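Novice: One structure, as structure tokens, below. Some questions next.
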Amino acid sequence: MAVAWVRQAAIGAVCAALLSVAVAAAAPGPQLVQSKPAVEVDVELVLAVDVSYSMDPDEQALQREGYRLALTSKEFLSALRQGAHGKIAITYVEWAGEHDQKIVMPWRLIDGPEAADAVSAEIGRAPYRRASRTSITGGLRFARSLFENSGYRGLRKVIDVSGDGTNNSGPPVAPMRDEIVAAGITINGLPIMLKRPYSGMLDIENLDQYYEDCVIGGAGAFVIPIRERVQFIEATRTKLILEIAAREPAPRVRPASAAAPRISCTIGEKMWRDRWGGYDYR
């Protein structure tokens, strides 16, 4: 009896082992998850817009409406079709203080009129907001990070920054500009100069020169200032067309790496310190 029992147990063990091997062989092995290839586009474009308190509601509305109408204009769509791929990737970001940035619209593909209409409508549905301080540095740093996992691969990468004031929060803007340009990213500027400068609001007279000398940089970088409300839509459309067509405008363009900027690149920080008696309330 004991011998028979041992023999039966041994047979059972062998069967269990064979079953285990069969199950292991039938089980699927580790699957290699392949990432989706990046979509080829002519431009990866970050629209980075100022929503600091210096931007009054009317200016904010004009700024957003300018982009919405520009993206659906026949001139923009014509330039889009002429690109090597005939499509661009775009995201819309709002910025204010050093740590205050918000993605209003994540990356979207524009490859024709329908996509352009959808993007314009999505931007238009977002609620308006305002926040304290003006950190162009923070806005640029945040915009740069968005290229890392965009899901697109552009022939060019561009940050389109618009605002009505100088950097007064966070690190100085020029070193950040240089760092981004060194990474192969172009920064273009849309300085909004609708209001008469008022020192109490930390305004400066020649904001366009500040943008030219301290903010923009990279291949074909340019500034298009807006001095009158009627220019808003035309200037925004012109800038977008130049960006997707990789062309430079006729107006003056001063290299961002100029050794002696006409306006101090830390003028905003100095004005803020002077206003608050040397303290930097961040």
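The values are calculated or read from the model by the stated rules, or taken from the named source; none is laboratory data. Values in this document were obtained by computation on a predicted structure and should not be read as measured data. Cβ sites come from the backbone with ideal geometry, for glycine too, and all protein chains shown count toward neighbours.
This table checks each residue for (1) modelled with pLDDT under 85; (2) assigned to a helix (DSSP H, G or I); (3) touching a Gly at 6+ places or on another chain (Cβ under 9 Å).
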site	(1), (2), (3)
Gly12	yes, yes, no
Leu19	yes, yes, no
Leu32	yes, no, no
Pro37	no, no, no
Ala48	no, no, yes
Gln60	no, yes, no
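Conditions (1) touching a residue at least 40 places away in the same chain (Cβ under 8 Å); (2) within 27 Å of Leu80 (Cα to Cα); (3) among the small types (Gly, Ala, Ser), marked per residue:
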site: Ala131; (1), (2), (3): yes, no, yes
site: Gly139; (1), (2), (3): yes, yes, yes
site: Ala143; (1), (2), (3): yes, yes, yes
site: Tyr152; (1), (2), (3): yes, yes, no
site: Asp160; (1), (2), (3): yes, yes, no
site: Gly163; (1), (2), (3): yes, yes, yes
site: Gly170; (1), (2), (3): yes, no, yes
